[in-house]
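The values are calculated or read from the model by the stated rules, or taken from the named source; none is laboratory data. Here the structure is a predicted model, which is why all the values come from computation and not from measurement. Cβ placement follows ideal geometry from the backbone for every residue including glycine, while neighbour counts extend to all protein chains displayed. To get the accessible areas, we keep the full protein, side chains included, count just its heavy atoms, and leave off ligands, DNA and RNA. Shrake-Rupley method; radii C 1.70, N 1.55, O 1.52, S 1.80 Å.
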Amino acid sequence: MQAARVALVGFMGCGKSTVGPVLARRLGYGFVDLDSDIQATAGRTIPEIFQLDGEAAFRALESACLARCAYQSRLVLAPGGGVVIAVENRRLLRNQFHVVYLRACPATIAERLRGEAEHRPLLRGHSLEERIERLMTERAAFYDEVASQIVDVDGKSPEAIAEEIACGLKST
């Protein structure tokens, strides 16, 4: 039996928003990029939300949008990398989704995010590599806690990652 909802979790830049639509097409599911949903709900960009309202307000919006998606059927969800910080989000992910942790090494993440730090509020004003390493270390246990499946993404195409996830769904 195939899961009704699949959530792709992992650090920013691991490929959630790229793999998500590929997986959704393969499964015949809809796709939601949670960051886009948050921006549509708020009527402004994530950097604007962080700047005007702060991280706590962003996290509250994130939790509300996640809860709205948690009972939709035939859905692939790509939440932001920090969605796992809140205990209620982790509980919801575990209980309502087949959660796939897209795991990448810090060097892969740094390579993918180089040049994007100004658009990523949590990476601004810091050494990119140090900030990535610190945040990944802080969140790793949370990703592991919610994961139904772990897929290492380094050096793999979005199509290969989607195939590996789909094979994992068949075996659950």
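Some notes on this structure:
Condition check ((1) touching a Gly at 6+ places or on another chain (Cβ under 9 Å); (2) at pLDDT below 95) across all residues:
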| residue | (1), (2) |
| --- | --- |
| A67 | no, no |
| R94 | no, no |
| R103 | yes, no |
| T108 | yes, yes |
| S157 | no, no |
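- Looking across the range 142-163, the residues that are open to solvent by less than 70 Å² (accessible area, probe 1.4 Å) and in a helix (DSSP H, G or I) come down to F142, Y143, V146, P158, A160, I161, A162.
- Top-ranked residue of the range 1-60 - restricted to ones that are assigned to a helix (DSSP H, G or I), farther than 23 Å from D154 by Cα and among the β-branched types (V, I, T), ranked as most open to solvent (accessible area, probe 1.4 Å): T41
- Residue match in the range 93-115 (condition: open to solvent by 70 Å² or more (accessible area, probe 1.4 Å) and closer than 17 Å to V151 by Cβ): yes
- Residue list for the range 61-82, restricted to those being touching a Ser or Thr at 6+ places or on another chain (Cβ under 8 Å) and touching a residue at least 40 places away in the same chain (Cβ under 8 Å): A78
- When the range 65-101 is filtered for residues that are aromatic (F, W, Y) and either assigned to a helix (DSSP H, G or I) or closer than 29 Å to D154 by Cβ (or both), the ones remaining, listed by number, are F97, Y101.
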